[in-house]
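Right, one structure below, let's go through it.
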Amino acid sequence: MTTKSGSLGVAIAFLLCLACGRKSDVVRPAEVPTSAIYVAGGKAGGWWQLCTSASAGKSVHCRIWNGAGLLLVDENFLPYDGGAQPTPDELKIPNETTFPGPDRIFLANGRVLLPQSRFDELKIFVDWLEGKRSSPR
């Protein structure tokens, strides 16, 4: 390998590293509130998620939009672990998580919230994601 071709290879590798490290700018659709968090993942690129804290004895209310701003879920969510509702301080949604999806919310503290209407079905799926089941169904 000559010095010239070696330098070219280093330059190409450097540019590829820069390109991989850059995050694309995500444009917030007009339908999505500014307080919603963009969660990267999936074939479509990601989802916008927003949860509001529950009043005493009530469930947390969450909304999930697709990347284009279409509202996918708008309902009360329950903690996957069966524990107490998250406090307002615990309702921190990270931009990146291990298993993002359009039907579940992973909080920064590791807890998972599932829509109340599909809780039993999605709990089985999250059990599988967490390695507690051998199949997702």
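Just add up the charged neighbours of SER117: K/R +1, D/E -1, any other residue whose Cβ is under 12 Å from the Cβ of SER117. It would help to have the intermediate numbers written out before the result.
Numbers: positive: ARG118; negative: ASP74, GLU75, ASP103, ASP120, GLU121.
Charge balance in the 12 Å sphere: -4.
Other residues whose C-beta falls under 12 angstrom from the C-beta of HIS61 contribute a net charge of 0, scoring Lys and Arg +1 and Asp and Glu -1. Going by neighbour counts of Cβ atoms within 10 Å, the residues LEU129, LEU91 line up, fewest first, as LEU129, LEU91. Among ILE93, ILE64, sorting on how many other beta-carbon atoms sit within 10 Å of each Cβ, with the fewest leading, yields ILE93, ILE64.
Using a Förster radius of 41 Å, what is the FRET efficiency between SER55 and SER134 based on their Cβ-Cβ separation? Nearest 0.05, please. Taking R0 as 41 Å, the efficiency between SER55 and SER134 is 0.55.
Between SER117 and ASN95, full extension at 0.36 nm per residue minus the direct alpha carbon distance yields a gain of 5.4 nm.
Here each label is just a point 7 Å from Cα along the line to Cβ, and for ILE37 and GLU75 those points are 2.2 nm apart.
Readers should treat all values here as calculations from the given coordinates under stated rules, not as data from a laboratory. Treat the numbers as computed from the prediction; the structure is a model and nothing was measured. Cβ sites come from the backbone with ideal geometry, for glycine too, and all protein chains shown count toward neighbours.
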